[in-house]
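Visitor: One structure, pasted below without further comment.
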Amino acid sequence: MKYLFLLLITVSLAFASGNHGCTETSTTINPHESGSDAVTLTIVNDWTLADQILGIDFFDGAGDYVLAVNNTDDIIQAYDPATGAPTGTMTLDAANTSAFGLAWNNDPDTDTYYVNDFQQTVLYYTEDFGTSWTTTPAPGGSNSRGMAFDGTDYWTTNGTGGGLLRFQPGVGTATVTIPEVADQPSGLTVFPHESNLGIAVTCYNTHSIYFYDWDGSAMTFLGSAACPASGIGYSMGLAYGANGNLFWSYWVGTSEYHLAELSFEITSLTRSSWASIKTSF
């Protein structure tokens, strides 16, 4: 199924900017947190897009793609992580009209994709590349925004209640607090951090990325850094790429979205490859 990303070439058109899922009104204009000395973010690439690009994930199989939700055109759009060019699409369920977060199960041979909806209390998932979709209860109800899969568990931001939810679809959910994030969280990704799981979170209105270490039972705050761009309206999605960089999506207004590639450094971070951490779960 993954080869369809290469075959279904598409060019997306500009459209209205709405349906972002932000329910919070910022009291200041596009604030940046001061951040901490523990984290450094650097822009490697920044592509301007006419496509809506909300919650994102990274596909690393026969090819590498940044996957992004576009609920205006009812698709998941794939982008080339080296050029930012669109390469193909998957059709969302027709009922999934307010999709935001996306999580792939990290298995290119039997791939499953979960997508939430901020107007509904279900997750949509497909095991046949969008030919058919099934629903299961969403752990955060309509509060879920960004999602990620760590090789065992799925994670989602709790977009109006704060914190994170760690879950198995249809099985159970645990709440994990992240008190450092006072704004409404949007994007989320996971990455290898030393022998543990690293987690990064961004917010709609406070334009910083917050980094955490999860050891399987406790969350440790590692630090934060201001998003290294100007003119940000909303921060949308985060994904961890096969090259060890972050991919970040943001909106600057009207119909202009950006997909940026960020290198990052965390003090005392010992990187291992994404492939090695996935096999360790």
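Visitor: Each residue of the stretch 94-106 in order: what ³J(HN,Hα) in whole Hz does its phi give by Karplus 6.51 cos²θ - 1.76 cosθ + 1.60, θ = phi - 60°, with x for Gly and Pro?
Guide: Computed from phi, the couplings for the stretch 94-106 are 4, 7, 8, 7, 10, 5, 9, x, 9, 9, 9, 7, 6 Hz.
Visitor: Please work out the Kirkwood hydrodynamic radius for the stretch 114-158, using every pair of different C-alpha atoms, and report it in angstroms with one decimal place.
Guide: Here the Kirkwood hydrodynamic radius works out to 10.8 Å.
Visitor: Here's something else I'd like to know. In whole Hz and in residue order, list the ³J(HN,Hα) couplings for the stretch 144-158 that follow from phi through the Karplus curve 6.51 cos²θ - 1.76 cosθ + 1.60, θ = phi - 60°; x for Gly and Pro.
Guide: 5, 10, x, 9, 7, 10, 9, x, 10, 10, 9, 10, 8, 6, 9
Visitor: Based on the Kirkwood radius over alpha-carbon pairs, what is the Stokes-Einstein translational diffusion coefficient of the stretch 40-106 at 37 °C with 0.692 mPa s viscosity, in µm²/s?
Guide: 260
Visitor: Tell me, what is the 1.4 Å probe accessible area of M219, in Å² to the nearest 10?
Guide: Rounded to the nearest 10, that gives 50 Å².
Visitor: Work out how much length T110 to T220 would gain on full extension: take 0.36 nm times their residue separation and subtract the Cα-Cα distance, in nm to one decimal.
Guide: 36.3 nm
Visitor: A further question follows. Roughly what percent of Cα-Cα pairs across the stretch 59-171 reach past 16 Å?
Guide: Value for the stretch 59-171 (Cα pairs over 16 Å): 57 percent.
Visitor: If you average 1/r across every pair of different Cα atoms in the stretch 131-280 and take the reciprocal, what Kirkwood value do you get, in Å?
Guide: 15.9
Visitor: How far, in nm, would the chain grow between S195 and S98 when pulled straight, counting 0.36 nm per residue and subtracting the alpha carbon separation? Please report the intermediate quantities before stating the final value.
Guide: Working: separation 97, 0.36 × 97 = 34.92 nm, distance 3.64 nm.
Length gained between S195 and S98: 31.3 nm.
Visitor: What percentage of all Cα-Cα pairs in the stretch 67-119 are separated by more than 17 Å?
Guide: 38
Visitor: Leaving ligands, DNA and RNA out of it, rank S263, S98 by accessible area with a 1.4 Å probe, largest first.
Guide: From most exposed to least exposed: S263, S98.
Visitor: Using 0.36 nm per residue, how much length does the chain from T91 to T135 gain when fully extended, once their Cα-Cα distance is taken away?
Guide: That pair, T91 and T135, stretches by 14.3 nm at full extension.
Visitor: A further question follows. Can you put W155, W214 in order of accessible area, largest first, using a 1.4 Å probe?
Guide: Greatest to least solvent exposure: W214, W155.
Visitor: Then there is this: Mind ordering 123-134, 238-249 by average Cβ neighbours within 10 Å, highest first?
Guide: The most tightly packed comes first, giving 238-249, 123-134.
Visitor: Probe 1.4 Å, all protein chains in place: accessible area of H258 in Å², nearest 10?
Guide: 20
Visitor: Next question. In bins 10 Å wide, starting from 0, what share of all Cα pairs of the stretch 188-240 does each bin hold, as a percent?
Guide: The distribution over the stretch 188-240 is 25, 50, 21, 4, given as percents.
Visitor: Another question, then. Each label point is 7 Å from the Cα along the Cα-to-Cβ direction; what then is the distance between the points at I43 and A174, in nm?
Guide: 3.9
Visitor: In square angstrom, what is the accessible area per residue of the stretch 36-87 with a 1.4 angstrom probe?
Guide: 32
The values are calculated or read from the model by the stated rules, or taken from the named source; none is laboratory data. Values in this document were obtained by computation on a predicted structure and should not be read as measured data. Don't worry about glycine lacking a Cβ; one is built from the backbone with ideal geometry, like all the others, and counts go over all protein chains shown. Accessible surface is based on the protein model in full, side chains and every heavy atom, while ligands, DNA and RNA are left aside. Shrake-Rupley method; radii C 1.70, N 1.55, O 1.52, S 1.80 Å.
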